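The values are calculated or read from the model by the stated rules, or taken from the named source; none is laboratory data. Note that the structure is a prediction, hence the values are computed from the model and not measured. Here Cβ is always computed from backbone atoms with ideal geometry, including for glycine, and neighbour counts include all displayed protein chains. Heads up: the accessible areas ignore ligands, DNA and RNA and are worked out on the full protein's heavy atoms, side chains in. Shrake-Rupley method; radii C 1.70, N 1.55, O 1.52, S 1.80 Å.
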Amino acid sequence: MNFKSSATSMTLIVMVLSIISITSIQQDVFAQTTGMSISAIASEGSDTISINGHTKSSVTDITFTVISPSLNVVSIDQLTPDKNGDFATTFKVPMWKENGFYTIKAEQSPYGSSLYKMSLRVEVINGMTSETNVSQSTLEEGFVEPTTTVRKTLVIKEANSMAGSNTIKISGITDSANSITLKVIAPNGNVIVVDQFAPNLNANGQFTKEIITGGALWKQDGNYTIVAQQGNDKSSIEVGIENGLVIPEFGTIAVMILAVAIISIIAVSAKSKLSIMPRY
């Protein structure tokens, strides 16, 4: 019997089991978290909006994005919650030139649970805040994410693309056949694509649209925000881009598939070697 081959096979099996164990532990950690809360407070005529909140997940930073009434990104911030999960930051508004409601988005992990995606609206008039005290929370005990049963007028459902591709296929759903305006916002807040198209709905009200990446406008690496607007209805989604191409995702399912593949290769290899061994 070839003890060296057996030892190698056992080592590979241990490595694969370790990968599976680590993945399972990560899933348990995230399964124990229960959401996030956030508040925005400002006095009438102030130049500052104060943000504070609490999260049950302290393993990732919180990213803040402020979007103007015309859907332009006017500010981006990122912070790390303290060991208790508390966080706070402020935004200065004098440079926010548009009058109207600005959306402040707080997010932990773009591809994570919706329990860690908050959105608040604050009003700014002539570079000064209106009196504001708004909050959002998913920290309620026993909270269960609601299942959407009523179709919204416009929703971007997903952005599909092969890893390393320069084509992003947007799919969504709408109740209206009116034209949809599409904007792509780079990580630095610049609008790099503006397009308008008729949704060409199928029987279920679904539509698709392709976006081609690459070129000087896509040179930044990071998350690009795709915003669709139809009348007063808006919907957005984020896509990771690196070197002008879609960033591949290597998540838990991919790890499990890799683990199963490695184990299968080891098993087939071991069986083949045993079958050709001479019998006495």
Subject >> Identity of the residue in region 95-108, part of a loop (DSSP other than H, G, I, E, B) and touching a Gly at 6+ places or on another chain (Cβ under 8 Å), that ends up least open to solvent (accessible area, probe 1.4 Å) >> reply: Trp96
**OP:** Take region 42-94 and flag every residue that is surrounded by fewer than 15 Cβ atoms within 10 Å (Cβ to Cβ) and at positive phi.
**Re:** Gly45
Original post:
Does Asn190 fit the bill of being of a type outside the set (A, V, I, L, M), surrounded by fewer than 14 Cβ atoms within 10 Å (Cβ to Cβ) and either within 19 Å of the chain's Cα centre (by Cα) or closer than 30 Å to Asp77 by Cβ (or both)?
Top reply: yes
Original post:
If Ser46 satisfies every condition in (1) at pLDDT below 90; (2) outside any helix (DSSP H, G or I) but one, which is the exception?
Top reply: (1)
